[in-house]
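**Q** Submitted below is the structure of interest, expressed as structure tokens.
The values are calculated or read from the model by the stated rules, or taken from the named source; none is laboratory data. None of the values given here were measured: they were computed from a predicted structure. Note that we place each Cβ from the backbone using ideal geometry, even for glycine, and neighbour counts take in every protein chain shown.
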Amino acid sequence: MNRTAKAQWKGDLKSGKGTISSGSGVLSNTQYSFRDRFEDGTGTNPEELLAAAHAGCFSMALSLMLQNEGLKADNIDTTCTVSLQKEGDGFAIKKSHLELMATIPGASEEAFNRAAQNAKEGCPVSKLFDTEITLTAKLQS
């Protein structure tokens with residue numbers, strides 16, 4: 001199963017602007033820029049999108065891990081904070097922190113912790129943060 005998104009950018013890094021659109025149309029020409037990423041802009045940025053993806057993926061994975069424990073959550077509330085830090089001449093994502101609050105009837109602390117740990121390690125987005133990245137590039141004139 002493949003999912004697509006498209007980014008467009010015009011201008012240089014600091015004064016340029018771009019848009020991001022998702023194949024589903026949920027994001028449609030959503031603005032992003034240097035200001036949105038490093039200052040106090042109103043658009044989105046790649047780290048925010050990664051944090052949303054990680055929080056959503058983790059929450060779904062936790063639902064599965066709880067099901068494997070014979071449990072069903074009334075509520076899973078996950079906040080993800082992705083940390084972009086200066087590294088050498090550039091920047092790197094050095095940390096993705098998941099903060100979970102959940103209501104799960106009948107769950108023991110042990111079963112909850114086991115399910116949460118398994119979800120953290122098993123969700124596809126968690127795996128993406130430590131993976132080989134490949135690129136196919138074509139220059140158009």
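**Q** For the subset of segment 64-83 comprising residues that are more than 14 Å from residue 111 (Cβ to Cβ) and not hydrophobic (A, V, I, L, M, F, W, C), which member is modelled with the lowest pLDDT?
**A** 83
**Q** Moving on to the next point. Within segment 29-71, can you find the residues that are of a type in the set (A, V, I, L, M, F, W, C) and more than 16 Å from the chain's Cα centre (by Cα)?
**A** Selection gives 34, 38, 64, 65, 66, 71.
**Q** Output the qualifying pairs, or none if there are none: Cβ atoms under 7 angstrom, residues six or more apart or on different chains, first residue in segment 91-108 and more than 16 Å from residue 74 (Cβ to Cβ), second residue among the basic types (Lys, Arg).
**A** Here the result reads 98/120, each pair linking segment 91-108 to a residue that is among the basic types (Lys, Arg).
**Q** Then there's this: For segment 109-126, enumerate the residues that are free of Cβ contacts under 8 Å to residues at least 60 places away in the same chain and within 13 Å of residue 76 (Cβ to Cβ).
**A** Within segment 109-126, 112, 115, 116 meet the criteria.
**Q** Restricting to segment 8-35, give me the number of residues that are surrounded by 11 or more Cβ atoms within 10 Å (Cβ to Cβ), of a type in the set (A, V, I, L, M) and either modelled with pLDDT of 95 or more or farther than 17 Å from residue 53 by Cβ (or both).
**A** Selection size over segment 8-35: 1.
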